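J.: Dropping the structure in here first, questions after.
Here, each number is a calculation from the coordinates, and none is a lab measurement. Computed from a predicted model, the values in this text were never measured in an experiment. Every residue, glycine among them, receives a Cβ derived from its backbone with ideal geometry; neighbour counts consider all protein chains shown.
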Amino acid sequence: MVAAFMTTSVQIWHYGLVARWWSEFMIGGEDVDYFCQAVAQSGAPVLDAGCGTGRLLLPFLRMGLDAEGSDASAEMLDWCQKAAHAEGLQTRLHAQAMHELELARRYQTILVCGAFGLGASREDDLEGLVRIRRHLEPGGTLILDHYPPKGTAKTKASAARRKQFFEHEWPEKGDRRRAGDGSELDLRVRLRDFDSKRRAATRETSIRHFVDGREVAEETHSIIINLYSKEEIETALDIAGFRNLRVTGELLSRPALPTDDRIVFYATA
């Protein structure tokens, strides 16, 4: 069930053909087992805040966890609901941005994966952490992942990701893939603007839809991404009232290092 509330206060690109792209191709990943274990250890009920089309939420449901999802894009949630129903999985989905989160339920675990700092102001990001803490049971856990802007590009994948993030021109060749119905989607991403004062980037995506080799639709969307250092997020979590903070690196149990491309924050309400 998708809640009726639809937020319009964020600038994200997760609509139309982009939402379909996420549903068709953003499936699985090397981090799925990690986050399944993390939320199982932390305990249910679980809220996947920024769940999108269900890349992590669906595996949580397959595990039998009492898990729900929220997202600023109702279209992403519609795709998530369709995928869940196709597998006979039941959950509740809430079309709310994190800084507008207002649910009747409280959770033992709230996961934010790939969704912090997207589409809103820095003040809204802080409010989002406040709202998340408010929706946790006493002693409940927030699990939040992050890609620090000054990490090193140690792998080909991370190097490509950073090149894509800072490239102003459209790439000559898009990422073209075949969808489940046989049509094709072609995705390109570029950096449209960078505000050094606000430390915010505006990225733009162009996605084209092909049927039998003929282009039938094209959409362009943009997203605002606020850039945060590890220390800035630690400060924000402290201001929001979280405690018992620990930060791990590279989906491992060890403490985060300055060279890590990806870190995960754990904090309790």
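J.: Can you tell me the order of 253-263, 228-238 when each peptide is scored by its average per-residue count of other Cβ atoms within 10 angstrom, highest first?
T.: 228-238, 253-263
J.: Want the number for TRP170 to MET26: 0.36 nm per residue separation, take away the alpha-carbon distance, what's left?
T.: 49.7 nm
J.: Can you compute the charge dipole magnitude of the stretch 167-230 about its Cα centre, using +1 on each Lys and Arg Cβ and -1 on each Asp and Glu Cβ, nothing else charged? Give it in debye, rounded to the nearest 20.
T.: It works out to roughly 480 debye.
J.: Rounded to the nearest 5, what % of the DSSP beta bridges within the chain are antiparallel ones?
T.: Beta bridges within the chain, antiparallel portion: roughly 70 percent.
J.: Could you tell me the relative contact order of the stretch 73-135? Use alpha-carbon pairs under 8 Å, at least six residues apart, and round to a whole percent.
T.: Relative contact order, the stretch 73-135: 39 percent.
J.: Any chance you could count the Lys pairs in the chain whose alpha carbons are under 23 Å apart, treating pairs 8 or more apart or on different chains as valid?
T.: 11
J.: Just want the ordering: TRP22, TRP170, from fewest to most Cβ atoms lying within 10 Å of their own Cβ.
T.: TRP170, TRP22
J.: Only one of the values (1) 13.9; (2) 13.1; (3) 16.3 was calculated from this structure for mean projected area of the Cα convex hull in nm²; name its label.
T.: (1)
J.: So how far, in whole Å, is the C-alpha centre of the stretch 206-235 from the one of the stretch 35-53?
T.: So the separation of the two Cα centres works out to 24 Å.
J.: Any chance you could run the full-extension gain for MET63 through LYS197? It's 0.36 nm times the residue separation minus the Cα-Cα distance, nm to one decimal.
T.: 43.8 nm
J.: Also: If each of ARG134 and ARG246 carries a label point 7 Å out from its Cα toward its Cβ, how far apart are those two points in nm?
T.: Distance between the two pseudo-spin positions: 2.9 nm.
J.: For the chain, what relative contact order do you get, as a whole percent, if you take Cα pairs closer than 8 Å and at least 6 residues apart?
T.: 19
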